[in-house]
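Taking it in order: structure first as structure tokens, then the write-up.
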Amino acid sequence: MKRIAIQGVPGSFHDIAAHQYFEGEQIMLICCDTFEKVFENIKRDPTVIGMLAIENTIAGSLLHNYELLRASGTTIVGEHKLHIQHSICCLPDDDWATLQEVHSHPVALMQCRAFLANHPTLKAVEADDTAGSAEYIAKHNFHGWAAICHADAARLYGLKVLEDHIEDNKHNFTRFLVVSDTRKADFLRPLSLSNKASIVFSLPHAEGSLSKVLTILSFYDINLTKIQSLPVIGHEWEYMFYVDVTFEDLVRYRQSIDAITPLTKDIKIIGEYQEAKNQQI
């Protein structure tokens, strides 16, 4: 049985992503209040696997998770893309006429902005988690409260789904990373099948330093799929660059890393893994 540390509670999108990624396998969730605690669990027990969101097609990147990942010393062993669908739910004996408040994570509220605008009498209240909001309403029997979460979470906590698929944009996906202790990585993914890598580095404060790195990657037929910059705290105008690349030839990819290393500072490979397939709506 695999033990998976997630941020959130049963029924959360992290829970759904974990079960989809490890479909057909026995898993036990370790539910954490914060992403920091996800990495603490891995540090405490190297057999624990972490699942964490890293970017959303609407809300963008979770910048803090990039830094947590780099500092943790863990490695990425896989990724999963989850189609995000929201529903509004409440206690079984509540209905539209009795609802006064709707609770959810601020990102979920933002992703259902048009729906909420059509229900101006509902007060939107930010919470720590989508499924956690449903759990809280059910546990405390809060009449007049609704939650925005996945329909599976509503059913898990015995709530009634008033309306499903209320997200404004139906092309709403979140990319999750599967991370582990480096010593366990080879048990979780065959390196020979890797076709994607995540690397992080800083650059000298010199003109054209980034373009030189990108030119070399292009020369080796390495496809840049994402680049994210974060400031280096305490060093004005210096940045860490988090780069995702895909490749067809593992040897050429390794050659490209050797080629850019002299041009960078503090380069680190934070994961080599298989690229997740795009889901169909």
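What follows is calculated from the coordinates using simple rules that are stated; it is not laboratory data. Remember, it's a predicted structure, so these values are computed and weren't measured experimentally. Glycine gets a Cβ as well: all are built from the backbone with ideal geometry, and neighbour counts include every protein chain shown.
At a glance:
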| read-out | value |
| --- | --- |
| Length added when fully stretched, D33-Q100, from 0.36 nm per residue minus Cα-Cα | 21.4 nm |
| Label-point separation in nm, K265 to Q20, each point 7 Å along Cα→Cβ | 4.0 |
| Point-to-point label distance, N278-E67, nm (Cα→Cβ direction, 7 Å offset) | 3.2 |
| Per-residue ³J(HN,Hα) for the stretch 126-135, Karplus 6.51 cos²θ - 1.76 cosθ + 1.60, θ = phi - 60°, Hz, x for Gly and Pro | 6, 9, 7, 7, 5, 5, x, 5, 5, 4 |
| Förster radius 30 Å - calculated FRET efficiency between V125 and E163 (Cβ-Cβ, nearest 0.05) | 0.95 |
| In Hz, Karplus ³J(HN,Hα) per residue of the stretch 137-142 (6.51, -1.76, 1.60; θ = phi - 60°; x = Gly, Pro) | 5, 5, 5, 9, 6, 7 |
| Interchain or long-range residues, amide H under 5 Å from S61's placed H | N56 |
| Relative contact order (%) - criterion: Cα under 8 Å, at least six apart; region: the stretch 87-164 | 50 |
| Under 5 Å, built H, 5+ apart or other chain: amide partners of E275 | N195, K196 |
| FRET efficiency for M1 and D221, using Cβ-Cβ distance with R0 set to 45 Å, rounded to 0.05 | 0.65 |
| The chain, dipole about Cα centre (Lys/Arg Cβ +1, Asp/Glu Cβ -1), debye to the nearest 20 | 600 |
| Cα Rg, Dmax (largest Cα-Cα span) when computed across the stretch 191-273, Å | 12.6, 40 |
| Average Cα contact separation per residue, the chain, under 8 Å, 6 or more apart, as relative contact order % | 23 |
| Peptide ranges 23-29, 119-125 listed from the most packed, as the mean C-beta count within 10 angstrom indicates | 119-125, 23-29 |
| Of (1) 1.01; (2) 1.11; (3) 1.20, the label for Cα Rg over 2.2 N^0.38 Å derived from the coordinates | (2) |
| Amide H contacts under 5 Å for A5, placed H, 5+ residues apart | I30, I49, G50, M51 |
| The chain: calculated mean residue ellipticity at 222 nm from DSSP helix runs of at least 4, using -39500 (n - 2.57) | -8000 deg cm²/dmol |
| Efficiency of FRET between W237 and L214 - r from beta-carbon atoms, R0 22 angstrom, step 0.05 | 0.65 |
| Equivalent-ellipsoid semi-axes of the stretch 3-132, from the Cα gyration tensor, Å, largest first | 31, 16, 13 |
| The chain - share of DSSP beta bridges that are antiparallel (%, nearest 5) | 75 |
| Euclidean distance of C-alpha centroids, the stretch 215-281 and the stretch 45-74, integer Å | 16 |
| Of L69, L203, L109, the one that fluctuates the most in a GNM where the chain has Cα springs shorter than 10 Å | L203 |
| Net lengthening on full extension, D93/M110 (0.36 nm per residue, minus Cα-Cα) | 3.4 nm |
| Overall form of the stretch 1-78 per C-alpha gyration tensor (a/c, 1.5; a/b vs b/c) | oblate |
